[in-house]
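Working notes for the structure below.
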Amino acid sequence: MANNEFYDKIVKNGRNTNQKNPVGRGVWRDALLSTQKEPAGFDDSTNTGWVDRGGMSTDWSEQYRPGGMSTDGSEQYNMNERRKNEQLVTKEQYSKNILGEPGSGKFESMEPSERREYLMNNVFDIRELIARTIYGEQTHADQQLPVAFTIYNRKNYHNPAEKNYTKKNYWDIVSEPGQFTALSGEGGNVQSFYIDYDSEGWKNALELADDILDGVLAEQYKSPISTYTQYRTKNQFYNHYDPDRRTYADKPIEEPITIGNHVFFKYIG
């Protein structure tokens, strides 16, 4: 297979052809563009994938990625496939500071939108992205479940009063600008970029990401926020909340739920 054809096939089957790293692993794209060689393990004669490098199936029909991206970019997250191949996702593959070492100045030198784009293009897979979102928003393991359910609820419950997220995949839900601001490092929040990989918070965030992608979060846990899909810090929320009218930013909402330093709510249509 010619190099261009090979690259085109990866782009076609990636999560989003508009993304700089269409398959979610910068190393694949960088290797292709810098060396113009097919990654190690690719068998040109049989069209065999390289399970040791990217977890591709041998016939290209089921391009398994550790994050569960299907060939059309939607999350057909296959739990058995993930568990069969999860040895591919080593601590070293996740254990990197996205913006270099803390104190390097790179975080401070970038605008929030630049940080978000950079993170999107450098995470290993959708599992890591969701885990970084959860951890970035809340590092304490015992307070992460509400954040996880916010992500899960947006995908699984359509609220007519809000944007319809159910037709989106988890990648687009989490990465949408203006949402989950930890991914942009807004307010100096560096938690999504510099992670304590041995902490209970990170380990729990990975487990919650698995439950979200496996579609079993609501089976494993009772939602502490019902089907709510929005949250703000207490300061943000109460600056725009009218308790007499029960509105947030002049829009009617369900009774808000306060957990830790966040207030969770849902708009009423």
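Here are the numbers for the structure shown:
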{"quantity": "Selection status of R132, among the basic types (K, R), surrounded by 21 or more Cβ atoms within 10 Å (Cβ to Cβ), in a helix (DSSP H, G or I) and more than 11 Å from the chain's Cα centre (by Cα)", "calculated": "no"}
{"quantity": "Enumeration of residues in segment 235-269 that are closer than 19 Å to I151 by Cα, surrounded by fewer than 16 Cβ atoms within 10 Å (Cβ to Cβ) and either free of Cβ contacts under 8 Å to residues at least 60 places away in the same chain or β-branched (V, I, T) (or both)", "calculated": "T258, I259, N261, I268"}
{"quantity": "Counted residues, segment 206-247 - those being more than 27 Å from R132 (Cα to Cα), of a type in the set (S, T, Y) and touching a Pro at 6+ places or on another chain (Cβ under 8 Å)", "calculated": "1"}
{"quantity": "Qualifying residue in segment 180-189 (condition: touching a helix residue (DSSP H, G or I) at 6+ places or on another chain (Cβ under 9 Å) and over 30 Å from K106 (Cα atoms))", "calculated": "no"}
{"quantity": "Of the criteria (1) out of contact with any strand residue (DSSP E or B) (no Cβ under 9 Å at 6 or more places or on another chain); (2) closer than 15 Å to I130 by Cα, which one V190 fails", "calculated": "(2)"}
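Read the figures in this text as sums done on the coordinates, not as results from a lab. Remember, predicted model here, so these are calculated numbers, not experimental data. Every residue, glycine among them, receives a Cβ derived from its backbone with ideal geometry; neighbour counts consider all protein chains shown.
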